[in-house]
Amino acid sequence: MIQHQITSPHRRIAFVQSCWHREIVDQCRDSFLAEMKRSGYADADIACFEVAGAFEIPLHAKLLAQSGQYDAVVAAGLVVDGGLYRHEFVAQAVISGLMQVQLETGVPVISSVLTPHHFHSHDEHQQFFHQHFVVKGVEAARACADTVKKLKGLSALSQSHVAAVPATGRIADQAA
């Protein structure tokens, strides 16, 4: 198992998005960036990457997580039901792959990869998902900032715990 270690002194976030249905997925990225800025992140703290489709996201997420340069990876994509059974396999593979990345690397992966039922390219669906991805970008940013903050707290806690272990290898009793 690879342990996550940040080599950069600044908090860094990688945002990976698929380019299929770009006009919709871009809304997630744009609202994510705006919300992260409101959370105190600078533009330079976030690196954006594009891949062809959602199926390619997990490998990119894994390589970015393993680089040691990012505190978190955020994934955004839209896997649509175009009348073929394939979309269910793609969606499951992507989500499972993203979970595997964070469990193997210790780098959190926030997913805004969505699979709507019966998506159609009609104006009504386009408008709905255009707006929905704005909301998902804000939610992803809040989850990302919160997760990074909490994991840094857990890291500090585990480091102070190690410092509290005496040379005997037993944890010292702590008064309540």
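The values are calculated or read from the model by the stated rules, or taken from the named source; none is laboratory data. Nothing here was measured: the structure is a model prediction, and the numbers come from that model. We place every Cβ from the backbone using ideal geometry, glycine too, and count neighbours over all the protein chains shown. For accessibility, only protein heavy atoms count, side chains too; no ligands or nucleic acids. Shrake-Rupley method; radii C 1.70, N 1.55, O 1.52, S 1.80 Å.
In table form, for the structure just shown:
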quantity: Qualifying residue in the stretch 101-119 (condition: farther than 18 Å from Glu35 by Cβ, modelled with pLDDT of 95 or more and open to solvent by 70 Å² or more (accessible area, probe 1.4 Å)); calculated: yes
quantity: Residue under evaluation Thr7, criteria (1) exposed (fewer than 13 other Cβ atoms within 10 Å of the Cβ); (2) among the hydroxyl-bearing types (Ser, Thr, Tyr); (3) at pLDDT 95 or above; (4) in a loop (DSSP other than H, G, I, E, B), criterion not met; calculated: (3)
quantity: Every residue from the stretch 110-151 that is farther than 22 Å from Glu56 by Cβ and in contact with a Lys or Arg (Cβ under 7 Å, 6 or more places away or on another chain); calculated: Val148
quantity: Single residue of the stretch 120-131 satisfying the filter (assigned to a helix (DSSP H, G or I) and open to solvent by 60 Å² or more (accessible area, probe 1.4 Å)) that is modelled with the lowest pLDDT; calculated: Glu124
quantity: Test: residue in the stretch 40-59 that is at pLDDT below 95, β-branched (Val, Ile, Thr), surrounded by 15 or more Cβ atoms within 10 Å (Cβ to Cβ) and not in a loop (DSSP other than H, G, I, E, B); calculated: no
quantity: Selection status of Val73, of a type outside the set (Ser, Thr, Tyr), at pLDDT 95 or above and either over 13 Å from the mean Cα position of the chain (by Cα) or outside any helix (DSSP H, G or I) (or both); calculated: yes
quantity: Test: Ala76 is touching a Phe, Trp or Tyr at 6+ places or on another chain (Cβ under 9 Å) and either over 17 Å from Cys19 (Cβ atoms) or among the hydroxyl-bearing types (Ser, Thr, Tyr) (or both); calculated: no
quantity: Condition check for Arg29: free of Cβ contacts under 8 Å to residues at least 12 places away in the same chain, closer than 20 Å to Pro116 by Cα and either in contact with a Cys (Cβ under 7 Å, 6 or more places away or on another chain) or surrounded by fewer than 19 Cβ atoms within 10 Å (Cβ to Cβ) (or both); calculated: no
quantity: Any pair with Cβ under 7 angstrom, 6 or more apart, that starts in the stretch 132-146 at a residue that is in contact (Cβ under 8 Å) with a residue 40 or more places away in the chain and ends at one that is of a type in the set (A, V, I, L, M) and in a helix (DSSP H, G or I); calculated: Phe133/Ile24; Phe133/Val25; Ala141/Met36; Ala145/Met36
quantity: The stretch 60-70, residues that are in a loop (DSSP other than H, G, I, E, B) and either surrounded by fewer than 24 Cβ atoms within 10 Å (Cβ to Cβ) or among the acidic types (Asp, Glu) (or both); calculated: Ser67, Gly68, Gln69
quantity: Residues that are among the acidic types (Asp, Glu) and more than 24 Å from Val134 (Cα to Cα), drawn from the stretch 67-116; calculated: Glu104
quantity: Test for Ala163: is it touching a helix residue (DSSP H, G or I) at 6+ places or on another chain (Cβ under 7 Å), modelled with pLDDT under 85 and exposed (fewer than 10 other Cβ atoms within 10 Å of the Cβ); calculated: no
